[in-house]
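This report concerns only the one structure given below.
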Amino acid sequence: MISSHLSCQMINFVANIRYKNMTTQELRNQRLADKLIKNLQRRHYDAYYCSDRESLLQQVRQLIPQGSSVSWGGSMSIRDTGITMMLKNGNYEVYDRDDVTTQEDKMRIYRKAFECNFYLASVNAMTEDGVLVNVDGNGNRVAAIMWGADHVILVVSLNKVCQDVDAAMKRARSTAAPTNMARFDFKTPCQVDGMCHDCKSPDSICNYITIQRMSHPAHRHIVLLTPEPIGY
């Protein structure tokens, strides 16, 4: 009993040192990230919390060995953080669809992503217990996340964390999709008023919806949590 009591005291002491001098927002983010990491690890993900943009870039550098082949989808999250530029300026074999102009070349890169050592993406929403929700138009992003590359690195802002799957689905459909659609010259109801109409438009980017419960094989997926308000 004494040993257990002392152990609890030591844990509390270390926690207090860790949280000292944090703002209330930083404290909330750290505690939320700590909980999310535990829940993700139970689902066989590797997970890290990167408290700022530089630590996020540093974590990516540590995870991806020099010379690795890398690709990504249309994620604005990884672009917003500067990850894509860091990789393109480094010693990596990069396949970026933004570097080509023809649809044929883009399709080639979409398929090449399945052979890469690392695929980078984000999610449209994540539940507090670690379930990932994505909505996709072409399906290349969710397909690559589910199967293909040796490892998948998912950069997830804490502002995408929702209470449960229903809330995550609503965020993906009502917030992420209409915001993402604003980038494109497509004809959908959500582009007109910014609201999801559950449309059947041929230009819809809500054609494929995935709910990912766990990482399989174990540790194939790596989640990098960040407080940065990136992506949609």
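Numbers at a glance
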quantity	calculated
Residue within the stretch 43-52 that is among the basic types (Lys, Arg) and open to solvent by 50 Å² or more (accessible area, probe 1.4 Å) present	no
Subset of the stretch 1-50 [under 27 Å from Ile222 (Cα atoms) and modelled with pLDDT under 70]	Ile11, Val14, Ala15, Arg18, Tyr19
Inter-residue pairs, beta-carbon under 8 Å, first in a helix (DSSP H, G or I) and in the stretch 99-115, second exposed (fewer than 14 other Cβ atoms within 10 Å of the Cβ) and modelled with pLDDT of 90 or more, 6+ apart	Ile109/Asp96; Phe114/Trp147
Residue among Tyr49, Tyr119 that alone is among the hydroxyl-bearing types (Ser, Thr, Tyr) and free of Cβ contacts under 8 Å to residues at least 60 places away in the same chain	Tyr119
Filter result for the condition that a residue is of a type in the set (Gly, Ala, Ser) and in contact with a Gly (Cβ under 8 Å, 6 or more places away or on another chain), over Ala149, Ala182, Ala177	Ala182
Residue match in the stretch 220-230 (condition: open to solvent by 30 Å² or more (accessible area, probe 1.4 Å), touching a strand residue (DSSP E or B) at 6+ places or on another chain (Cβ under 9 Å) and of a type in the set (A, V, I, L, M, F, W, C))	no
For Lys88: the one exception among (1) closer than 14 Å to Val60 by Cβ; (2) in contact with a strand residue (DSSP E or B) (Cβ under 9 Å, 6 or more places away or on another chain); (3) open to solvent by 10 Å² or more (accessible area, probe 1.4 Å); (4) touching a residue at least 24 places away in the same chain (Cβ under 8 Å)	(4)
Whichever residue in the stretch 194-211 is touching a residue at least 60 places away in the same chain (Cβ under 8 Å) and either on the phi > 0 side of the Ramachandran plot or not in a loop (DSSP other than H, G, I, E, B) (or both) and, among such residues, is most open to solvent (accessible area, probe 1.4 Å)	Tyr208
Of residues in the stretch 56-89 being assigned to a loop (DSSP other than H, G, I, E, B) and in contact with a helix residue (DSSP H, G or I) (Cβ under 8 Å, 6 or more places away or on another chain), the one modelled with the highest pLDDT	Ile64
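The values are calculated or read from the model by the stated rules, or taken from the named source; none is laboratory data. Remember, it's a predicted structure, so these values are computed and weren't measured experimentally. Please note: Cβ atoms are built from the backbone with ideal geometry, for glycine as well, and neighbour counts cover all protein chains shown. These accessible areas exclude ligands, DNA and RNA; they are computed on the full protein's heavy atoms, side chains included. Shrake-Rupley method; radii C 1.70, N 1.55, O 1.52, S 1.80 Å.
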